Amino acid sequence: MSSLLDYLAADLDKRQTQGLMRQRRLLDSPQAEHITANGQAFLSFCSNDYLGLANDPALVAALQAAATEAGVGSGASNLITGHHRYHDQLEQALAAFVGKPSALLFSTGYMANIGVISALMGRDDAVFSDKLNHACLNDGAFLSRATHHRFAHNDVAALEKLLQASTARHKLVTADAVFSMDGDIAPLADYLSLCERYDAYLYVDDAHGFGVLGPQGRGTLQHLGLASPRLIMMGTLGKAAGVAGAFVAAEKIVIDYLIQHANSYIYTTPAPPPLSAALLASLHEIETGDARRQQLFDMIALLKRELALTRWHLQVSETAIQPLIVGDNHEALALSHYLQLRGILVPAIRPPTVPLNTARLRISLSAAHGEADVRALISALHAAEREIPVGPQA
Ligand SMILES: *Cc1c(COP(=O)(O)O)cnc(C)c1O
């Protein structure tokens, strides 16, 4: 056997003994609150489909109609012949919706983050990132070759010190608007003031705010009432929007520059045009979706009000992401497993996705959940607290 394969096997063994092995489930139903996974029916609190749009009939119909009209493949990159009318319409609609002059579509949020940060920043520049930022923001900073400063979670004073001391040519502050494993909202107003003071720009990853927060779901920036040419916003389209992809919205000059310089935009085939047609339908559902958002926020309030645990605690969060902090990796797995045996899926999130000793259940709520669903989760958690043995798990 080659030494590389030995090394890979040893890594996998180590993960297994540390309780860090990740497993995929085979989904055999639409993404929804009630799913079939590994051949079994489950009530799911796993998805980021916060508005219940992933299987919405209006989106499915829009996708089918567009596939009949426009085909399924994009065929070539955007700068050759791949930029379809549906892509263009969606970009314009998204820019208008979030109140920015211009927008650009990417195939995924991951591609957007690595493409934008590495295009805008270079060797003489500096990127400033919250320590709990999503992995793809860090990858973007790494690819850019800029100096990468990471500051403690939500620590405005620490960021200011770093900005003050920096002699970089250009400065970009990056943050999740809503943190993906914590659900809390970044102090973006403070960051923007610092950016104005220190001539920096603010790149906001709104993967979990777009569609959910702000008037008509326009996102976290509108929720906080923030607007500035210094703001560059990224929103994903595979979470609340229910489909796939991502967009970056900014000043027109930024978008024009990205079309010339963002490699993950230039050297790739865009998502199929019918996905953009489905997303135009999704945008309409989001804009007229106050009832969905009300249902989601009612479910969040219900969970926070009625869950009464002493052993584990819900971390403070106003959003659809409600982390139940357990601490130990094995205990978090045992809890997730306990729920699974009772037909409820909640993922255990362990390091390195979250800091050491903060393993948790990431409960994510959706407008598709009903009161009975959330109450079923609450009583199962109450039972788990009584029944799962305390101490190191077998
Ligand atoms: C999910 C996520 C991404 C990546 O988006 P995809 O479209 O799934 O690639 C980026 N940033 C954050 C904060 C996310 O949660």
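The values are calculated or read from the model by the stated rules, or taken from the named source; none is laboratory data. Computed from a prediction, not measured in an experiment: that's the story for all the values here. Positions of Cβ are backbone-derived with ideal geometry, glycine not excepted, and every protein chain shown enters the neighbour counts.
Residues that are buried (at least 17 other Cβ atoms within 10 Å of the Cβ), among the aromatic types (Phe, Trp, Tyr) and over 22 Å from ILE321 (Cα atoms) within segment 7-48 are absent altogether. Residues in segment 62-94 that are within 23 Å of ILE255 (Cβ to Cβ) and either in contact with a Phe, Trp or Tyr (Cβ under 9 Å, 6 or more places away or on another chain) or without any contact (Cβ under 8 Å) to a residue 60 or more places away in the chain (or both): SER77, ASN78, LEU79, ILE80, THR81, ASP88, LEU90, GLU91, GLN92, LEU94.
Just so you know, in segment 89-123 the residues that are part of a loop (DSSP other than H, G, I, E, B) and within 21 Å of the chain's Cα centre (by Cα) include one that is farthest from the ligand (Cβ to nearest atom), and it is GLY99.
Could you grab me the full set of residues in segment 117-137 that are under 11 Å from LEU172 (Cα atoms) and crowded, with 24+ Cβ neighbours inside 10 Å? Those that are under 11 Å from LEU172 (Cα atoms) and crowded, with 24+ Cβ neighbours inside 10 Å: ILE117, MET121, VAL127, PHE128. Looking at ASP256, ASP328, ASP290, ASP298, just one residue is under 23 Å from ASN113 (Cβ atoms) and either more than 20 Å from the chain's Cα centre (by Cα) or outside the structural domain of HIS87 (by TED's automatic domain parsing) (or both), and that residue is ASP256. For segment 45-77, a residue qualifies if it is more than 25 Å from the chain's Cα centre (by Cα) and either within 16 Å of the ligand (Cβ to nearest atom) or of a type in the set (Asp, Glu) (or both), and exactly one does: GLU69.
The residue that is nearest to ALA93 (Cα to Cα), counting only those in segment 172-187 that are surrounded by fewer than 24 Cβ atoms within 10 Å (Cβ to Cβ) and away from the ligand (no atom under 12 Å from the Cβ), is ILE185. Given the structure, is ALA367 touching a Leu at 6+ places or on another chain (Cβ under 9 Å), in a helix (DSSP H, G or I) and touching a residue at least 12 places away in the same chain (Cβ under 8 Å)? Here the answer is no, as ALA367 does not meet what is asked.
Tell me yes or no: at least one residue of segment 254-263 is crowded, with 18+ Cβ neighbours inside 10 Å, closer than 13 Å to GLU91 by Cα and touching a strand residue (DSSP E or B) at 6+ places or on another chain (Cβ under 6 Å). Looking through segment 254-263, at least one residue is crowded, with 18+ Cβ neighbours inside 10 Å, closer than 13 Å to GLU91 by Cα and touching a strand residue (DSSP E or B) at 6+ places or on another chain (Cβ under 6 Å). Considering every residue within segment 149-165, establish whether at least one is touching a strand residue (DSSP E or B) at 6+ places or on another chain (Cβ under 7 Å), modelled with pLDDT of 95 or more and farther than 14 Å from ASP130 by Cα. Among the residues of segment 149-165, not one is touching a strand residue (DSSP E or B) at 6+ places or on another chain (Cβ under 7 Å), modelled with pLDDT of 95 or more and farther than 14 Å from ASP130 by Cα, which makes the answer no. Checked against the criterion of being crowded, with 19+ Cβ neighbours inside 10 Å and of a type in the set (A, V, I, L, M), the candidates LEU314, LEU309, LEU381 yield just one match: LEU381. Among the residues examined, HIS153 qualifies as farther than 23 Å from ALA250 by Cα, free of Cβ contacts under 8 Å to residues at least 60 places away in the same chain and within 14 Å of the ligand (Cβ to nearest atom). Look at GLN92 and say whether it is assigned by TED's automatic domain parsing to the domain that holds TYR267, modelled with pLDDT of 95 or more, touching a strand residue (DSSP E or B) at 6+ places or on another chain (Cβ under 8 Å) and of a type in the set (S, T, N, Q). Answer is yes for this residue. Screening segment 205-231 for residues that are buried (at least 24 other Cβ atoms within 10 Å of the Cβ) and more than 10 Å from the ligand (Cβ to nearest atom) and picking the one that is nearest to the chain's Cα centre (by Cα) gives PHE210.
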